[in-house]
Ligand code: FES
Ligand code: FES
């Protein structure tokens, strides 16, 4: 079936099988491999993208269901060489180790800060509660998101 949706600001049309998941459309059809696929059980959250500005596990959405919707992936965070403040925060506060969970964490963080520019630690923990990180223990991820909240321009002090 033919599906047209907007991905990172661009309209794309693909002929897909009805069973194709959004995560596979992004990765395999559109080569947007920043979105990770980490499980078969909808538990890990490494596949989170923004779906009409809401964080959604892209392995829980059929590509056909995404017709007419707007999807943002981690590739959209950097614009014209400028990293999103959440990306800078993860670098500054060591919010990643292996990095497998990171694309999903970044997208959930972006969605949180878009609706609440000054989240408390509890709010951040709730925002990422559907996502698993096997490396960091989460504390540095929370610090990274707080850094982004405190540095909305993403600038690092000298
Ligand atoms: Fe694990 Fe989507 S790939 S929740
Ligand atoms: Fe390795 Fe999160 S940094 S899973």
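Each value in this text was obtained by applying a stated rule to the coordinates, not by laboratory testing. Predicted model only: the values in this text are computed from it and were never measured. Cβ: placed from backbone, ideal geometry, glycine included. Neighbour counts: every protein chain shown.
Listed values, structure above:
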item: Using alpha-carbon coordinates, inclination of helix 102-115 to the longest axis of the chain, degrees; result: 80 degrees
item: Computed over the range 1-60, Kirkwood Rh from alpha-carbon pairs, angstrom; result: 11.9 Å
item: Degrees between helix 139-150 axis and first principal axis of the chain (Cα, 0 to 90, nearest 10); result: 80 degrees
item: Most mobile of 77, 50, 30 in a GNM of the chain (Cα contacts under 10 Å); result: 30
item: Of 24, 36, 94, the one that fluctuates the most in a GNM where the chain has Cα springs shorter than 10 Å; result: 94
item: Helical contribution to [θ] at 222 nm, DSSP H n ≥ 4, -39,500 (n - 2.57), averaged over the chain, rounded to 500; result: -7500 deg cm²/dmol
item: For the chain, built as a Gaussian network whose Cα springs stay under 10 Å, the top-fluctuating residue of 18, 111, 148; result: 18
item: Order of 100, 90 - criterion: other Cβ atoms within 10 Å of each residue's Cβ, fewest first; result: 100, 90
item: Length gained when the stretch residue 70-residue 2 is fully extended (0.36 nm per residue, less Cα-Cα span); result: 22.9 nm
item: Efficiency of FRET between residue 82 and residue 115 - r from beta-carbon atoms, R0 25 angstrom, step 0.05; result: 0.70
item: Per residue Cα convex hull volume in Å³ - calculated over the range 2-158; result: 106 Å³
